[in-house]
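**Student:** To start, I am sharing the structure in question, which I have written as structure tokens.
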Amino acid sequence: MQDEPFRPRAYERASEIASSHSADFREIYEKGGAKALMEIPSIGRGIAEKIEEYIKTGRIREYEALKKKYPVDIAGLTAVEGIGPKAIKTLWQKLKIQNVADLEKAARAGKIAGIARFGKKSEDKIFKGIEFLKLSHGRFRLGDILPYVRALELELKSVKEVDELVVAGSIRRWKETVGDVDILAVSRKPKAVMEYFVGMKDVANVYAHGETKSAVKMNNGLDVDIRVVPRESFGAALNYFTGSKDHNVALREIAIKKGWKLNEYGLYKSQKSKAEGQKWKMIAGRTEDELYEKLGIAYIEPEMRENAGEIEAARNNQLPNLIGYGDLRGDLQTHTDWTDGKHSIREMALAAKEAGLEYIAITDHTKTLAMTGGSDEKKLLKQIAEIKKINQEFEAEGIKFRILTGAEVNIMPDGKLDITDEVLADLDVAGAAIHMNLKLSPAEQTKRIVRAMENPNIDIIFHLTDRIINRREALPLDLETIFKTAKITGTILEIDAYPERLDLKDEHIREAKKFGIKFAIDSDAHAKDQFRFLEFGIAQARRGWVEKGEVINTRSAEGMLKMLK
DNA sequence: GCCGTTTTCGGCCCGACTGTTTTCAGTCG
């Protein structure tokens, strides 16, 4: 708003670093002062001093002075589609608009159309923007919208002017929540594709309808963007449209250092000719592989493109060899109609086999999770016998599949378990998890988990942080202590693939890896069609840079069991 | 405000679409 383009970006970058940094800035400051903060990338003297001022006094004077100058809800107003800093400044100066409520009132009174550089259309757009803001869902959980997106993808692929089409953006990176859907298409008749796209029957609003780029909102509130490029630019466009933005910017900076230029159409080398001055010659862009190769770094999988060290790793040929989507041979957390699952042990096993697995562990809930009808020792022993029987039937019927016995044991507030060690010792796979008493202090929660891991019969901690995406915060845990204990006790940590959990999440997985911890990727299936969830877990593992060897259920049942306590 | 195997000063990613404009600024991704 003050015509300063770069300083705000520097602060924005610093704030992103702060929110994703594994250690708390306050602790870093207390240990090493402002100097230690300045060692963090994107934190220089200026911002380190601001952080210091904030830690010491609880406020930042410059920020408060700016707030006085513009007593305006900038974050709220920019959330209205089409409203940016310049518009906010004008609206404040001319109409004293401070927040979205003021904006709505002014638009309703027809006051906006009269201001310089605003017209009737701007006013309508603001109206619409506010309406959509009220309906806005924020970010969608990937698992909730992926089926819808795949149907949309199929529909668009069937359009005859579409030669090629792919869903890019955060969906291709398998980010756990999705802000909008980015679709890339190749077509020789982009206009026809655009017309089909904005005319789809589920479209609620058209934000933009251009020759090669359009944007709409669907009836379910999801924003979808499409972009059409020529075939020779497909790789560059795919890279550009997959993001993340930070990853793209970093790639462009590599190009610039070489004196080249990277955009969504390709990688270009400058050619000087006397007659025409500077010209750009395309040197890569048909495929992503070609693009990375020309930039001089190894190909980076979409799940890793967050500018979180992957470019450095690619430059040094130190990228991990990520676990693949077909690498799982078993599933170590599944539920049946013995507790809160929908289907029988046999049905679940056959569905797992159908999904390409060789074995599953049946891990129904235990007795203190009363609402699920959790098992006590007696019921567990009965289930063990039943599983043995089904395995024998399978053998007799020539069905090559193994069912392992197990449980999802409930961890009590003090870290004790609700099943005796004697019975736990009989199980093939004993997982433990927190389901209640979520309000304990970080120290108590951490102690609780540590105690469960120290039990020699507990092989795996299921969904460690107990978060529900978009609904429930992760437990406040001292992860360093937990990861250390997991390593020492040989406890496996689960990557729960249930789409609303995805727990551990990507950043925690990367952190856990540093301690040498092994993982299990489980569906947490409560019905026989839920083995499809495993791909979300694998994606999350890939986002955490996990290799096949670090996941115990990529092994055969025999090999996997040897990895347990 | 940050940063530096081209620089401690002078850069900072790049292009499409829209609206209000007669050539472009603002917004978005």
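**Student:** For segment A:28-41, name all the residues that are under 13 Å from A:Lys56 (Cα atoms) and either loosely packed, with under 12 Cβ neighbours inside 10 Å or of a type in the set (A, V, I, L, M) (or both).
**Tutor:** Quick first cut of segment A:28-41, residues under 13 Å from A:Lys56 (Cα atoms) only: A:29-30, A:33-34.
Matches in segment A:28-41: A:Glu30, A:Ala34.
**Student:** So A:Asp73 passes all but one of these: (1) within 31 Å of the chain's Cα centre (by Cα); (2) within 11 Å of DNA strand B (Cβ to nearest atom); (3) charged (D, E, K, R). Which condition number does it fail?
**Tutor:** All conditions are met except number (2).
**Student:** Oh, and also: Looking only at residues that are small (Gly, Ala, Ser) and in a strand (DSSP E or B) in segment A:361-377, which one is surrounded by the fewest Cβ atoms within 10 Å (Cβ to Cβ)?
**Tutor:** A:Ser375
**Student:** Taking segment A:116-135, which residues are more than 9 Å from DNA strand B (Cβ to nearest atom), touching a residue at least 24 places away in the same chain (Cβ under 8 Å) and over 13 Å from A:Ala79 (Cβ atoms)? Give the derivation first.
**Tutor:** Kept after step one, since they are more than 9 Å from DNA strand B (Cβ to nearest atom), are these residues of segment A:116-135: A:126-128, A:130-135.
So of that shortlist, the ones also touching a residue at least 24 places away in the same chain (Cβ under 8 Å) come out as A:126, A:128, A:130, A:132-133, A:135.
A:Lys128, the sole residue that qualifies.
**Student:** Condition check: loosely packed, with under 14 Cβ neighbours inside 10 Å and outside any loop (DSSP other than H, G, I, E, B). Does A:Pro147 satisfy that?
**Tutor:** yes
**Student:** Quick check, is A:Asp163 within 25 Å of A:Glu81 (Cα to Cα) and among the acidic types (Asp, Glu)?
**Tutor:** Values: within 25 Å of A:Glu81 (Cα to Cα): no; among the acidic types (Asp, Glu): yes.
Criteria not met by A:Asp163.
**Student:** Across segment A:174-206, what is the total count of residues that are closer than 23 Å to A:Asp124 by Cα and modelled with pLDDT under 90?
**Tutor:** 2
**Student:** Within 15 Å of DNA strand B (Cβ to nearest atom) and either of a type outside the set (Val, Ile, Thr) or within 30 Å of A:Leu357 (Cα to Cα) (or both), is that true of A:Ala313?
**Tutor:** No; evaluated as a whole, the condition is false for this residue.
**Student:** Got at least one residue in segment A:352-368 being modelled with pLDDT under 95 and aliphatic (A, V, I, L, M)?
**Tutor:** No, every residue in segment A:352-368 fails to be modelled with pLDDT under 95 and aliphatic (A, V, I, L, M).
**Student:** When you scan segment A:211-232, how many residues do you find that are among the polar types (S, T, N, Q) and either under 23 Å from the mean Cα position of the chain (by Cα) or buried (at least 20 other Cβ atoms within 10 Å of the Cβ) (or both)?
**Tutor:** Of the residues in segment A:211-232, 2 are among the polar types (S, T, N, Q) and either under 23 Å from the mean Cα position of the chain (by Cα) or buried (at least 20 other Cβ atoms within 10 Å of the Cβ) (or both).
**Student:** Taking only segment A:168-185 into account, find how many residues are part of a strand (DSSP E or B) and surrounded by fewer than 20 Cβ atoms within 10 Å (Cβ to Cβ).
**Tutor:** Of the residues in segment A:168-185, the ones part of a strand (DSSP E or B) are A:177-178, A:180-185.
Narrowing further to those that are surrounded by fewer than 20 Cβ atoms within 10 Å (Cβ to Cβ): A:177, A:180.
Going through segment A:168-185 one residue at a time, the tally reaches 2.
**Student:** Looking only at strands (runs of 3 or more DSSP E) that lie completely in segment A:195-283, which have at least 3 residues being more than 7 Å from DNA strand B (Cβ to nearest atom)?
**Tutor:** Values: elements: A:203-209, A:213-218, A:223-229, A:260-263, A:266-273.
Strands (runs of 3 or more DSSP E) meeting the threshold: A:203-209, A:213-218, A:223-229, A:266-273.
**Student:** For the condition on the phi < 0 side of the Ramachandran plot, more than 10 Å from DNA strand B (Cβ to nearest atom) and surrounded by 13 or more Cβ atoms within 10 Å (Cβ to Cβ), what is the one hit in A:Glu81, A:Glu52?
**Tutor:** That would be A:Glu52, the only listed residue that is on the phi < 0 side of the Ramachandran plot, more than 10 Å from DNA strand B (Cβ to nearest atom) and surrounded by 13 or more Cβ atoms within 10 Å (Cβ to Cβ).
**Student:** Do we have any residue at all in segment A:167-185 that's away from DNA strand B (no atom under 15 Å from the Cβ) and hydrophobic (A, V, I, L, M, F, W, C)?
**Tutor:** Checked against the condition, which is being away from DNA strand B (no atom under 15 Å from the Cβ) and hydrophobic (A, V, I, L, M, F, W, C), segment A:167-185 yields at least one hit.
**Student:** Could you check, for segment A:518-528, whether at least one of its residues is touching a residue at least 12 places away in the same chain (Cβ under 8 Å), in contact with a Leu (Cβ under 6 Å, 6 or more places away or on another chain) and among the hydroxyl-bearing types (Ser, Thr, Tyr)?
**Tutor:** So far as segment A:518-528 goes, yes, one or more of its residues are touching a residue at least 12 places away in the same chain (Cβ under 8 Å), in contact with a Leu (Cβ under 6 Å, 6 or more places away or on another chain) and among the hydroxyl-bearing types (Ser, Thr, Tyr).
**Student:** Okay, next question. Testing A:Ala314 on (1) in a helix (DSSP H, G or I); (2) closer than 21 Å to A:Asp428 by Cβ, one condition comes back false. Which one is that?
**Tutor:** Here A:Ala314 meets the rest and fails (2).
**Student:** Could you list all residues from segment A:1-42 that are in a loop (DSSP other than H, G, I, E, B), away from DNA strand B (no atom under 12 Å from the Cβ) and on the phi > 0 side of the Ramachandran plot?
**Tutor:** Of everything in segment A:1-42, nothing turns out to be in a loop (DSSP other than H, G, I, E, B), away from DNA strand B (no atom under 12 Å from the Cβ) and on the phi > 0 side of the Ramachandran plot.
**Student:** Considering only residues that are out of contact with any Leu (no Cβ under 7 Å at 6 or more places or on another chain), surrounded by 13 or more Cβ atoms within 10 Å (Cβ to Cβ) and not aromatic (Phe, Trp, Tyr), which ones fall in segment A:55-78? Explain how you work it out, then say what you get.
**Tutor:** Step one: of segment A:55-78, the residues out of contact with any Leu (no Cβ under 7 Å at 6 or more places or on another chain) are A:55-76, A:78.
Add one more test, that the residue is surrounded by 13 or more Cβ atoms within 10 Å (Cβ to Cβ), and what stays is A:55, A:60, A:63, A:66, A:70, A:72-74, A:76, A:78.
Matches in segment A:55-78: A:Ile55, A:Ile60, A:Leu66, A:Val72, A:Asp73, A:Ile74, A:Gly76, A:Thr78.
**Student:** Moving on. Is it true that some residue in segment A:93-108 is out of contact with any Lys or Arg (no Cβ under 9 Å at 6 or more places or on another chain), assigned to a helix (DSSP H, G or I) and near DNA strand B (Cβ under 8 Å from one of its atoms)?
**Tutor:** Looking through segment A:93-108, none of the residues is out of contact with any Lys or Arg (no Cβ under 9 Å at 6 or more places or on another chain), assigned to a helix (DSSP H, G or I) and near DNA strand B (Cβ under 8 Å from one of its atoms).
**Student:** Same structure, new question: If the requirement is being touching a Phe, Trp or Tyr at 6+ places or on another chain (Cβ under 8 Å) and in contact (Cβ under 8 Å) with a residue 24 or more places away in the chain, which of these qualifies: A:Ala237, A:Ala185, A:Ala250, A:Ala284?
**Tutor:** Working: A:Ala185 fails: touching a Phe, Trp or Tyr at 6+ places or on another chain (Cβ under 8 Å); A:Ala250 fails: touching a Phe, Trp or Tyr at 6+ places or on another chain (Cβ under 8 Å); A:Ala284 fails: touching a Phe, Trp or Tyr at 6+ places or on another chain (Cβ under 8 Å).
Sole residue among the options that is touching a Phe, Trp or Tyr at 6+ places or on another chain (Cβ under 8 Å) and in contact (Cβ under 8 Å) with a residue 24 or more places away in the chain: A:Ala237.
**Student:** Which condition number does A:Ala520 fail, the rest of (1) farther than 21 Å from A:Glu310 by Cα; (2) in a helix (DSSP H, G or I) being met?
**Tutor:** (2)
**Student:** Counting only residues that are hydroxyl-bearing (Ser, Thr, Tyr) and not in a loop (DSSP other than H, G, I, E, B), which one in segment A:43-79 is nearest to A:Asn99 (Cα to Cα)?
**Tutor:** Only one residue fits best here, namely A:Thr78.
The values are calculated or read from the model by the stated rules, or taken from the named source; none is laboratory data. Computed from a predicted model, the values in this text were never measured in an experiment. Glycine also receives a Cβ, built like all others from the backbone with ideal geometry; neighbour counts cover every protein chain displayed.
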